1. I'd like the distance between the alpha-carbon centres of the range 113-178 and the range 379-440, rounded to an integer number of Å.
2. Name the residue farthest towards the positive end of the dipole of the range 264-396 from the options Ile365, Val268, Val385, assuming +1 on Cβ of Lys and Arg, -1 on Cβ of Asp and Glu, about the Cα centre.
3. Please label the shape of the range 336-376 as rounded, prolate or oblate, based on the square roots a ≥ b ≥ c of the eigenvalues of the alpha-carbon gyration tensor (a/c under 1.5 means rounded; beyond that, a/b larger than b/c means prolate, else oblate).
4. Using R₀ = 45 Å, calculate the FRET efficiency as 1/(1 + (r/R₀)^6) where r is the Cβ-Cβ separation of Phe55 and Asn260; round to 0.05.
5. Can you flag which of Lys22/Lys48; Lys59/Lys300; Lys63/Lys292 are past 28 Å Cα-Cα?
6. From the helices alone, meaning DSSP H stretches of at least four residues, give me the mean residue ellipticity at 222 nm for the chain, per-run term -39500 (n - 2.57), in deg cm²/dmol to the nearest 500.
7. Taking every eigenvalue of the Cα gyration tensor of the range 164-311, multiplying by 5 and rooting it, what semi-axes result, largest first, whole Å?
8. Cα atoms only, the range 59-173: Rg and Dmax in Å?
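What follows draws every value from the coordinates through simple rules; no lab data is involved. From a predicted model like this one, the values you see are computed outputs, not experimental measurements. A quick note on method: Cβ atoms are made from the backbone with ideal geometry, for glycine too, and the neighbour counts reach across all protein chains shown.
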Amino acid sequence: MGYLSQLFFLILFSGTILVILKRIRDIRRNINLGKATNRYEKRGERIKNMVLMAFGQKKMFHKPIVAFLHLFVYLGFLIVNIEILEIIIDGLLGSHRIFLSSLGSFYPVFISIFEFFAVAVIVSCAIFLIRRNIIHIRRFSGKEMTSWPKTDANIILTAEILLMLAFLTMNASDTILQTRGFGGYHHTGAFFFSSFLAPLLTGFSSETLRTIERFGWWFHIMGVFSFAIYVFQNSKHLHIFLAFPNTYFAQLKPLGYWENMPSVTKEVKLMLNLETPDPNEPASEVGRFGAKDVQDLSWKNLLDAYACTECGRCTSNCPANITGKKLSPRKIMMDTRDRLEEVGKGMQKNGKDFQDGKALLGDYITDEEIMACTTCNACVEACPVLINPLDIIIQLRRYKIMEEAQAPASWNTMFANIENNFAPWKFSPTDRANWKEKLD
């Protein structure tokens, strides 16, 4: 590799890193718009969650065939791209397979393992493309799955197939050049899977093979760089990276547990004489009840939005959605992410006081959607990366009821009964056990 190629590679590599770091900064800034919440306790349990859910993809194995296909793609992406380290070093130094000297006879075994995962990725992605575009699996559809989310998935799957084909073609042509003693190509021995492609290339001249090998090398590395930039900028596949922190910071309490609002809890305790007021305590500022916009949600809610895989398992398990209601937990997460991006860009351009007259509740998510939720936690249970759409729904409901006083009449009756009778039903607590009198 000549000096100009090395210089071009250095510029390409540095530019990619800078673009990704800028995007990471923007995402971090947007997530930090959310309110504080403590997700740092029980470190050991959190690490276990991350290993099982993000890396091991435990929840995917309810459907083993799909789970193994997805695991091959995920592991293939992680493992094959370990070789990117060697490619980057070769690109910077102008060397050829620099790890050969340290691995020796194990080098072809090492690369053959990578090739196995490359083939597994090709097969799995092809099956996923068929499922999405020919079989039309139901959970891949929905009002929120407009042309862009569908196109995004197809772009990523096709890109992964092309990247793996480039990797195998590069290895096959490289191996042939080694056997011919072509200058600069050190002998490594054959690689198992790419050796099946070698017969298709043996008829070409060495110069043509070198062009094919260099094209495969540059296509693979430029494809990986472009893939990384694309994922961080525009794609739902950001979950490849964010699944790890999202599962680490997931709620450890039972799914039925709801976070109470401290101000309301304190007021109730004072009213019931469960707590004595402190005369020296300064009056606290009354904040907003519930959430109207993304800034009212917690930073974990906003991390959830960025980590959403758009797989649709939450929506396909939602009883409200199954019965024809407009609620789609996947749409809740996608809307939250879209609104967060809009607010983040607005603040970056116009400052922290940016106001555009819009809000998450009303302009993105409708009353009908949040009021259709049964709070059954089916969406939370189904999510493979431990996202909690219900928490966002509950906070939007709180705002609607407590700030705007727009609860349905039947709900207001229930609230009044709970306040007066300590139960949802309209009868005195003293009559609650009367049903026993009718028993024999």
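1. If you average the Cα positions of each part, the centres end up 47 Å apart.
2. Among Ile365, Val268, Val385, the one farthest towards the positive end of the dipole of the range 264-396 is Val385.
3. prolate
4. Step by step, r from the Cβ atoms, then E = 0.85.
5. Beyond 28 Å: Lys22/Lys48; Lys63/Lys292.
6. Numbers: 18 runs with 246 residues, N = 440.
Rounded to the nearest 500, the figure is -18000 deg cm²/dmol.
7. Numbers: eigenvalues 819, 42, 29 Å².
Working through the eigenvalues yields semi-axes of 64, 14, 12 Å.
8. In Å, with Rg to one decimal and Dmax whole: 17.1, 55.
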